[in-house]
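In what follows, a structure is listed as structure tokens, so that the remarks can point back to it.
The values are calculated or read from the model by the stated rules, or taken from the named source; none is laboratory data. All figures in this text were calculated on a predicted structure; none of them were measured in a lab. A quick note on method: Cβ atoms are made from the backbone with ideal geometry, for glycine too, and the neighbour counts reach across all protein chains shown.
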Amino acid sequence: MKIGILGGGQLARMLALAGIPMGFRFVFYDPTEGCCAGVLGKHFKAEYSDLKQLEIFAKEVDVITYEFENVPLEAVSFVKTFCRVYPEANALEATQDRLREKNLFHSLGIPIARFRDIKSADELAEIGEDLGYPFIIKTRNGGYDGKGQYLIQSEQDLSSLPLNVNETPAIAEEKVSFSREVSIIAARAKDGDVVYYDLAENYHDKGILRMTLAIPGDPFHQKAKDYVHDLLVHMDYCGVIALELFQLGDRLLANEFAPRVHNTGHWTIEGATTSQFENHLRAILGLPLGETKNVAYSSLINLIGNLPEIKETLMIPDCNFHNYDKEPRPGRKLGHLTIKSYEPSTFEVLRGHAEKLKTN
């Protein structure tokens, strides 16, 4: 079985690392020279607009998936004429536009923060009065890791906004005072079977995920499961999905979803019976989904900008080191650590370290 992946970054790399022991082969389509997944299979180095190369790629594989949500819809629609693609393009279409994504959540009854579509710069002052200050302006397309987001503290900030909303589609969103950022990862098979991983508690710094703690028995797990289940059924989804949420008191508000394997689920490689990467492959290939039970208390630490010495990290008990083999640069995810614990007390120490990120 040969699996094609649109994109050749670390998520494609980890998908291949999960599938190679099962006898699957991989082909990556990515315009980047020396993409980090390329060492694990054939690499088509071509632009997503190159229809000839896309056709050759699609005819060479048995099924196609993608590792990032900003892959051009035109490329996905084109390769679909030659090969099966999962998840379907409707999920990409929803998540590539923040306004469309918000409207989808609203239509399914999934709670979200108040928001407004910005039709012109002339509306900004009125929007500020409606949502209250501070609020956030977000570009509708292309944002990730905090990019394309602008915090508006007061009406004065509107005059110095470094974004021309008359030219760049954007939304305005209420800034909510949340107590936690959490996410849930699920996998849905083509026959409708669904499995769910434990709720994850996420800690960000400057818009970039720094640490994730998997929380067994979290009291908000069922509520998050209900919301992601509604998304999966509505889209007739196949594959792994991640839904990110804010906790406000006894409520969860949806922030965004990702139609792919997700950074907040990397702990599942060592921390769950079946990783999110293996379950994504099982789903798109029509194989039975695997158990998602935790094997220990698990945490993820992203390695950003530079890598520690591997010798130092491997001295940490129950620590697994993942190097993505990418060129270092500020703000870039170069690898991650998975740290497991079999004692709740140790886990609480990790949570204490994670809490300190909130003050940075």
Residue by residue through region 254-278, note down the ones that are closer than 21 Å to Ile208 by Cβ and in a strand (DSSP E or B).
Ala254, Asn255, Glu256, Phe257, Ala258
Number of the exception - Glu155 against (1) surrounded by fewer than 20 Cβ atoms within 10 Å (Cβ to Cβ); (2) outside the structural domain of Leu232 (by TED's automatic domain parsing); (3) among the acidic types (Asp, Glu); (4) at pLDDT 95 or above
(4)
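Got a sec? Which of Asn306, Asn294, Asn320 is farther than 21 Å from Val228 by Cα and in contact with a Pro (Cβ under 8 Å, 6 or more places away or on another chain)?
Asn306
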From Val176, Val182, which residue is of a type in the set (Val, Ile, Thr) and assigned to a loop (DSSP other than H, G, I, E, B)?
Val176
Might you check whether a residue that is surrounded by 21 or more Cβ atoms within 10 Å (Cβ to Cβ), assigned to a loop (DSSP other than H, G, I, E, B) and not assigned by TED's automatic domain parsing to the domain that holds Cys35 occurs anywhere in region 336-343?
no
What residue, of Ala94, Ala75, Ala58, is closer than 28 Å to Ser177 by Cβ and in a helix (DSSP H, G or I)?
Ala94
Quickly run through region 203-239 and pick out the residues that are in a strand (DSSP E or B) and of a type in the set (A, V, I, L, M, F, W, C).
Ile208, Leu209, Met211, Leu213, Ala214
Based on what the data block shows, is Val61 closer than 20 Å to Ile284 by Cα, of a type in the set (Val, Ile, Thr) and in contact with a Lys or Arg (Cβ under 6 Å, 6 or more places away or on another chain)?
yes
Show the residue pairs that are 6+ apart or on different chains and have beta-carbon atoms under 6 Å apart, the first residue being within region 240-252 and at negative phi, the second being buried (at least 23 other Cβ atoms within 10 Å of the Cβ) and small (Gly, Ala, Ser).
Val240/Ala187; Ile241/Ala186; Ala242/Ser183; Glu244/Ser183; Leu245/Ala254
